[in-house]
Amino acid sequence: MSLLMEIDLLNLLGALIEFDTVNDPENGKMPDPGVIDFVEGVLNGLGVKTRVLVSHGYRSIVGIIGSGEPRVLLLAHLDVVPFIRSEWKYDPLKLTIEGDLAYGRGALDDKGNAAAVLKALEDLVNIDRGTVIVAFTTDEEVGGENGAKVVRDYLLGNGLKPNYVINADGHSMVIINRRRAIFNARVRSRVEKAVVNGRSETIRFQLDYKVTPPYHAAYFINGVDTHPVIALSQYVWLNNAYVVSLKGGFVKSNVTPTWVEADVVKPCSGCPQQEVDVGLTRLIKALLPLTRFVPRVKAQSVYGITATPNVYRVVGDYHEFVVNVRAMTDDTKAIEEAMNEALREDFQGIEVRVESEGGGGYLYTPRDSRLVKLASEVLNELGLEARVMEMAGASDARYFSPLGIETIDFGSIGGNEHGPNEYVSVKSLELTSRFYSLLVRRLISS
């Protein structure tokens, strides 16, 4: 009996969650490499031949079943975003089950889906035609250049270019055929102290939302959600205030801070002198136009263009924000030019440098493609509605879709992705595993 047959889906998920795979290299945190050893043991227990790939300290694993065309790649990632333990009701590194919900960091993004892929392989190890490729990476949350890109290049270099990619990194059990590219804009202003007459006070803003909490920056919706840093920017504008200092729940460029607090000074004649930071004030004020800039795009998105200032830090003599930008384009230059144009008239002394995350690729697979049509049929067979739609977050699909490979994202139902008390529905996890195995079989059957 194979290792996986001795472990049910939830035990498998629980084992994955207990590996601390937080991916936060800027703060010296790398995923536990032992998670790849564990997955390799599961795959080898199923009789799957494996190859471990290493790039800049990040480990990925590739498994091959069968040979010849068509080739179908099942892809998932095992790294997770950081968490603030005090915000959690449950231990984020231990699976906790209440009713149909299973809680833990990565339960939804993406260890639950990774477990569903491993479970699906029980049914796929005995295929008699075509090739099933399975790959697990550990750096999706920081762009995928040392994970999905390495896997892609390995496959291309060994004559294993997939005909189809099922990226097990979605949610809500919908067929995701479009996703925007990610860019990170580093916006800087020099530290510049000054003295003004004014009244000091402390201002605090919370993340506010009307529909669903946008802890994951990709799900922040302009006009629906209130970003605490953008709210602070407007406050400083309207009150002609100076900022003295700033702190907040800053975690990572793609994680929306849940709060921000600033010491500010409102000018007034006859008030005592106060030391302020003109550079920090200028930078915070600049965020209002910077988060509403309009670049050229190459395709339309139902989410439009979003820009969220999610990280603040002091770097040497500079204050710096990292603004997470989402848009349907791979043109880094167009993003940078548009941001600089937004600052041209009112903000001298602000530096903007834009970098694409993961090469700037975006996911686009037509609705009438074979992959999307078969995925819809499989969902109907499972008694589920087949919904095809764009999703806000980016994914490792961006490394395959630009090559003309039919690619979709798909994952289980859950909530609080990237936020406290992340969870997945146990029932949907089981259905997702069946979806993966049935769709792969359908793709290789003709």
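Observations
- Net lengthening on full extension, residue 211/residue 54 (0.36 nm per residue, minus Cα-Cα): 52.5 nm
- Highest-first arrangement of 178-188, 291-301, where packing means the average Cβ count within 10 Å: 178-188, 291-301
- Packing, as the average of other Cβ atoms within 10 Å across residues, places the peptides 380-390, 361-371 in the order 361-371, 380-390, highest first.
- Each Lys or Arg adds one and each Asp or Glu takes one away; over the other residues whose Cβ falls under 13 Å from the Cβ of residue 149, this sums to -4.
- Distance between modelled label sites at residue 370 and residue 261, nm, 7 Å Cα→Cβ extension: 5.9 nm
- Nearest 10 degrees, 0 to 90: helix 228-239 Cα axis against the chain principal axis: 20 degrees
- Principal-axis tilt of helix 9-18 within the chain, Cα atoms, nearest 10 degrees: 40 degrees
- Burial ranking of peptide ranges 193-200, 336-343 (average Cβ count within 10 Å, highest at the top): 336-343, 193-200
- Taking every alpha-carbon pair under 8 Å whose residues sit at least 6 apart, the chain reaches a relative contact order of 23 percent.
- The range 78-133 pair-distance distribution - Cα-Cα, 10 Å bins, rounded %: 20, 40, 22, 14, 4, 0
- Extension gain, residue 403 back to residue 298 (0.36 nm per residue minus Cα-Cα distance, nm): 36.2 nm
- Close lysine pairs were tallied over the range 181-360: pairs 8 or more places apart or on different chains with Cα atoms under 19 Å apart number 7.
- On the beta carbon distance between residue 122 and residue 313, with R0 = 35 Å, the FRET formula returns roughly 0.15.
- Distance between modelled label sites at residue 344 and residue 434, nm, 7 Å Cα→Cβ extension: 5.8 nm
- Members of 29/94; 49/111; 29/49; 94/149; 49/373 lying beyond 26 Å, as alpha-carbon distances in this model show: 29/49; 94/149; 49/373
- Over the chain: helical MRE at 222 nm, DSSP H runs n ≥ 4 each giving -39500 (n - 2.57), nearest 500: -8000 deg cm²/dmol
- Förster radius 35 Å - calculated FRET efficiency between residue 67 and residue 91 (Cβ-Cβ, nearest 0.05): 0.20
- One chain, two ends: residue 387 and residue 222. Fully extended at 0.36 nm per residue, the span grows by 57.0 nm beyond their Cα-Cα distance.
- Under 12 Å from the Cα of residue 427 - aspartates and glutamates, other chains or at least 8 residues apart: 100
- Calculated FRET efficiency for the pair residue 377/residue 288, C-beta based, R₀ 56 Å, to 0.05: 0.75
- Helix 111-124 axis, angle to the chain major axis (alpha carbon atoms, nearest 10°): 10 degrees
- In the range 1-127, Cα pairs under 8 Å separated by at least six residues give a relative contact order of 31 percent.
- Spin-label model, residue 8/residue 154: points 7 Å from Cα along the beta carbon direction are separated by 3.3 nm.
- Formal net charge of residues neighbouring residue 238 (Cβ-Cβ distance under 14 Å; K, R +1; D, E -1): +2
Values quoted throughout were computed directly from the atomic coordinates according to the rules given, and no laboratory measurement underlies them. On a predicted model such as this, the values are computed, not experimentally measured, just so you know. Please note: Cβ atoms are built from the backbone with ideal geometry, for glycine as well, and neighbour counts cover all protein chains shown.
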